[in-house]
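Chemist: One structure, pasted below without further comment.
The values are calculated or read from the model by the stated rules, or taken from the named source; none is laboratory data. Please read all numbers here as calculations on a predicted model, not as lab measurements. Here Cβ is always computed from backbone atoms with ideal geometry, including for glycine, and neighbour counts include all displayed protein chains. Accessible surface areas use protein heavy atoms only, side chains included; no ligands, DNA or RNA. Shrake-Rupley method; radii C 1.70, N 1.55, O 1.52, S 1.80 Å.
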Amino acid sequence: MRLGYPAAAIRAAEAPLLDAGRGPVLMRTAAAGLAAVCRRDLIEARGCVTGARVVVLAGAGNNGGDALFAGADLSRRGARVTVVDVLGRLHPEGAAALRAAGGDIEPLGAESAPLTARAELVIDGILGTGASGSLRAPLDTFIADWQAAASGTGSARRQRVIAVDVPTGVDATTGAVGAVHVRADRTVTFGGHKAGLLLPGGADAAGELALVDIGLDLAPFRPTVEAPEPADLAVGWPFPQPDMHKYTRGVLGLVAGSHRYPGAGLLTTAAAVSTGLGMLRLLAPDEVTAAVLDRCPEVVTEPGRVQAWAVGPGAPDTLLMRRAIIEAENRSLPLVIDAGGLGLLTRPLETTCIVTPHAGELVDLLGRLTTGVPTRAEVEADPVTHAVRAAQAFEGVIALKGRRTIVARPDGSVVAPPPGPAALATAGSGDVLTGILGALLATTAEHRVAERSGPYDQADWSGPATDIAILAGLAVTVHGLAGHRTTHASGLPAAVEDIVLGLKAGSAGAGTGQNDGRRGE
Ligand SMILES: NC(=O)C1=CN([C@@H]2O[C@H](COP(=O)(O)OP(=O)(O)OC[C@H]3O[C@@H](n4cnc5c(N)ncnc54)[C@H](OP(=O)(O)O)[C@@H]3O)[C@@H](O)[C@H]2O)[C@@H](O)CC1
Ligand SMILES: [K+]
């Protein structure tokens with residue numbers, strides 16, 4: 001689990017070390033980690049460091065200092081390093097080290113953009129956590145000119161861009177990006193992940209993340225973003241235990257599918273069953289249950305006791321959905337509400353609940369719960385702010401679906417799972433997610449209380465995995481993995497059915513098979 005901190009928290013964690021005079025040591029440690037990543041990438045791309053054309057874009061502060069010391073390291077190892085002094089002032093010791101190692105320094109000028117575009121490796125050390133406001137001229141023009149020149153080179157082997165701490169133009173705390181910003185293949189960040197590197201906008205600009213430990217103590221600070229990774233499934237997934245029977249493993253009540261949309265009932269059911277649970281009770285019209293039983297004969301179509309509810313895919317019967325919601329509230333059962341169920345939400349619910357709108361549905365939801373409703377485009381441009389707003393208005397967890405799904409809690413913190421493949425943007429994909437999430441809620445409902453501080457409480461997690469927002473993050477992670485798996489296996493975009501098969505095949509990671517009967521390894 002990657003934990004993201006606001007820039008202010010990272011700077012506050014640095015402060016006692018700086019006060020103790022350890023600033024230069026921190027910078028040397030950061031720069032050494034950065035240089036190691038640069039060397040590894042160069043060796044991977046071209047076999048060696050010697051002779052590599054490297055351009056260091058250095059700003060005036062410590063971010064530039066990191067880049068200059070890393071540039072000195074590469075220069076000592078035979079790379080041809082040129083520094084562009086982008087803001088007209090350089091970190092003095094870093095600049096001296098670079099010169100002593102044989103590197104060149106040039107002021108920003110007309111030649112800087114084409115020079116940068118020709119480099120094999122560009123190190124972006126212009127701005128880090130000290131950035132404020134939008135990019136000042138001529139910095140913005142230079143970055144745009146470089147990117148235009150680089151895309152116009154027609155070179156078969158694209159240059160690598162490594163950002164120092166944060167790509168320039170990305171807000172380290174919110175991930176907001178301006179029209180012009182650095183797009184990196186990799187970002188080497190120091191001390192702790194900046195929240196903005198894990199959020200929409202910033203995460204795409206940052207590329208792969210590498211974290212260099214510089215000895216910061218972040219324990220006193222609360223992360224604002226948790227970003228699950230596939231490896232977290234091995235810890236957080238509710239694996240069946242040997243002493244379980246079908247009722248203790250978890251029973252999901254599902255209200256999905258209708259005369260108009262029978263397929264949604266089938267897809268949600270198939271996904272829940274493939275995810276694994278003790279029993280699934282489906283409440284739907286006969287034509288839906290008949291199709292489901294044909295494919296999933298283990299499904300029970302009678303009402304009865306359940307441990308969690310999932311309602312909404314495929315425009316189900318309103319009365320059935322209302323009954324499920326009331327029962328969830330009366331018995332304090334966890335509940336996922338999707339699609340057709342969202343229209344019933346006009347007030348906060350009296351139970352643990354997660355709702356899963358896409359941007360358009362979030363607009364409608366906000367319209368029923370608040371005043372000052374955003375447009376769909378505004379939600380898509382700033383999903384985090386609007387998901388948090390909805391979570392606060394609804395007093396519950398919101399999973400705002402999109403290319404990067406964001407799970408927001410009312411306290412303003414978010415879970416940001418990795419994005420799935422583009423192939424997941426297809427009708428029925430959301431039904432599958434609801435099925436996975438419903439199965440997870442059912443299978444964690446029973447041991448929620450007993451294991452609250454149990455094996456899920458890993459030192460590197462800020463909360464137990466039975467937290468509904470984390471479970472949603474894991475559900476999205478598995479959904480994405482299943483999509484990736486089927487996309488890659490066939491070489492063709494996945495159909496929704498393939499995504500369910502991807503779940504079944506169990507590669508969706510640690511989720512099935514590999515770790516049966518064990519947890520927390
Ligand atoms: N401290 C530590 O312990 C460690 C810090 N480390 C590293 O230091 C980084 C933070 O360094 P930092 O604080 O020096 O700020 P930094 O990001 O280099 O930028 C400041 C400069 O940018 C300028 N500027 C600002 N906004 C601008 C804009 N929109 N457009 C244009 N210019 C703008 C600003 O100008 P000013 O506002 O002062 O006029 C000033 O000159 C951190 O990310 C990490 O990489 C590591 O070595 C580990 C140890
Ligand atoms: K940077």
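Chemist: Among (1) farther than 24 Å from Arg76 by Cβ; (2) within 14 Å of ligand 2 (Cβ to nearest atom); (3) among the small types (Gly, Ala, Ser); (4) crowded, with 22+ Cβ neighbours inside 10 Å, there is one condition Ala163 misses while meeting the rest; what is its number?
Modeler: Here Ala163 meets the rest and fails (1).
Chemist: Given (1) closer than 24 Å to Asp498 by Cβ; (2) open to solvent by 40 Å² or more (accessible area, probe 1.4 Å), where does Asp286 come up short, assuming only one miss?
Modeler: Single failed check for Asp286: (1).
Chemist: Can you tell me which of Gly473, Gly430, Gly435 is crowded, with 23+ Cβ neighbours inside 10 Å, closer than 27 Å to Leu3 by Cβ and at pLDDT 50 or above? Give the steps one after another, and end with the answer.
Modeler: Values: Gly430 fails: closer than 27 Å to Leu3 by Cβ; Gly435 fails: closer than 27 Å to Leu3 by Cβ.
Exactly one of Gly473, Gly430, Gly435 is crowded, with 23+ Cβ neighbours inside 10 Å, closer than 27 Å to Leu3 by Cβ and at pLDDT 50 or above, namely Gly473.
Chemist: Can we say Gly133 is of a type outside the set (Ser, Thr, Tyr), open to solvent by less than 20 Å² (accessible area, probe 1.4 Å) and either modelled with pLDDT of 95 or more or within 16 Å of ligand 1 (Cβ to nearest atom) (or both)?
Modeler: no
Chemist: In region 335-374, how many residues are touching a helix residue (DSSP H, G or I) at 6+ places or on another chain (Cβ under 6 Å), touching a residue at least 60 places away in the same chain (Cβ under 8 Å) and open to solvent by 10 Å² or more (accessible area, probe 1.4 Å)?
Modeler: 1
Chemist: Could you tell me which residue of region 43-74 is farthest from His181 (Cα to Cα), considering only residues that are in contact with a strand residue (DSSP E or B) (Cβ under 8 Å, 6 or more places away or on another chain) and open to solvent by 10 Å² or more (accessible area, probe 1.4 Å)?
Modeler: Result: Gly51.
Chemist: Is there a residue being assigned by TED's automatic domain parsing to the domain that holds Ala15 and in contact with a Lys or Arg (Cβ under 9 Å, 6 or more places away or on another chain) anywhere in region 89-99? Quick ask: steps written out before the conclusion?
Modeler: The first filter runs over region 89-99 and keeps only residues assigned by TED's automatic domain parsing to the domain that holds Ala15, leaving 89-99.
Restricting the remaining residues to those that are in contact with a Lys or Arg (Cβ under 9 Å, 6 or more places away or on another chain) gives none.
Within region 89-99, none of the residues are assigned by TED's automatic domain parsing to the domain that holds Ala15 and in contact with a Lys or Arg (Cβ under 9 Å, 6 or more places away or on another chain).
Chemist: Scanning for something in contact (Cβ under 8 Å) with a residue 24 or more places away in the chain, in the same structural domain as Gly192 (by TED's automatic domain parsing), within 12 Å of ligand 1 (Cβ to nearest atom) and of a type in the set (Ser, Thr, Tyr), does region 31-53 turn up at least one residue?
Modeler: no
Chemist: Still on this model: I'd like the full set of residues that are in contact (Cβ under 8 Å) with a residue 60 or more places away in the chain and open to solvent by 20 Å² or more (accessible area, probe 1.4 Å), limited to region 263-272. Steps first, please.
Modeler: Narrowing region 263-272 to residues in contact (Cβ under 8 Å) with a residue 60 or more places away in the chain: 263-264, 267-272.
Within region 263-272, Gly263, Leu267 meet the criteria.
Chemist: Same structure, new question: Is it the case that Leu319 is aliphatic (A, V, I, L, M) and at pLDDT 95 or above? Give the derivation first.
Modeler: Numbers: aliphatic (A, V, I, L, M): yes; at pLDDT 95 or above: yes.
Considered against the rule, which asks whether it is aliphatic (A, V, I, L, M) and at pLDDT 95 or above, Leu319 comes out as yes.
Chemist: Further, regarding this structure: Between a first residue in region 110-129 that is assigned by TED's automatic domain parsing to the domain that holds Leu74 and in contact (Cβ under 8 Å) with a residue 40 or more places away in the chain and a second residue that is assigned to a helix (DSSP H, G or I) and near ligand 2 (Cβ under 9 Å from one of its atoms), which pairs have beta carbons less than 6 Å apart while being 6 or more apart in sequence or on different chains?
Modeler: Here the result reads Ile123/Ala67; Gly125/Asn63; Gly125/Gly64; Gly125/Asp66; Gly125/Ala67; Leu127/Asn63; Gly128/Asn63, each pair linking region 110-129 to a residue that is assigned to a helix (DSSP H, G or I) and near ligand 2 (Cβ under 9 Å from one of its atoms).
Chemist: Regarding region 63-76, can at least one residue be identified that is assigned to a loop (DSSP other than H, G, I, E, B) and either modelled with pLDDT under 95 or under 17 Å from Val164 (Cβ atoms) (or both)? Please lay out each step first, then the result.
Modeler: Taking region 63-76 first, the residues assigned to a loop (DSSP other than H, G, I, E, B) are none.
Looking through region 63-76, none of the residues is assigned to a loop (DSSP other than H, G, I, E, B) and either modelled with pLDDT under 95 or under 17 Å from Val164 (Cβ atoms) (or both).
Per-residue answers, yes or no, for (1) more than 30 Å from the chain's Cα centre (by Cα); (2) open to solvent by less than 10 Å² (accessible area, probe 1.4 Å):
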site: Arg89; (1), (2): yes, no
site: Arg99; (1), (2): yes, no
site: Ile126; (1), (2): no, yes
site: Leu139; (1), (2): no, yes
site: Asp185; (1), (2): no, no
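Chemist: Just to be sure I understand, how many residues within region 316-339 are among the polar types (S, T, N, Q) and under 11 Å from Val255 (Cα atoms)? Even if it seems obvious, please write down each step before you answer.
Modeler: Filtering region 316-339 for residues among the polar types (S, T, N, Q) gives 318, 330, 332.
Applying the additional criterion that residues be under 11 Å from Val255 (Cα atoms) yields 318.
Residues flagged as among the polar types (S, T, N, Q) and under 11 Å from Val255 (Cα atoms) within region 316-339 amount to 1.
Chemist: Then there is this: Among the candidates Arg222, Arg260, which residue alone is closer than 21 Å to Ile337 by Cβ, open to solvent by 30 Å² or more (accessible area, probe 1.4 Å) and assigned to a loop (DSSP other than H, G, I, E, B)?
Modeler: Details: Arg222 fails: closer than 21 Å to Ile337 by Cβ.
Within the list Arg222, Arg260, the selection yields Arg260.
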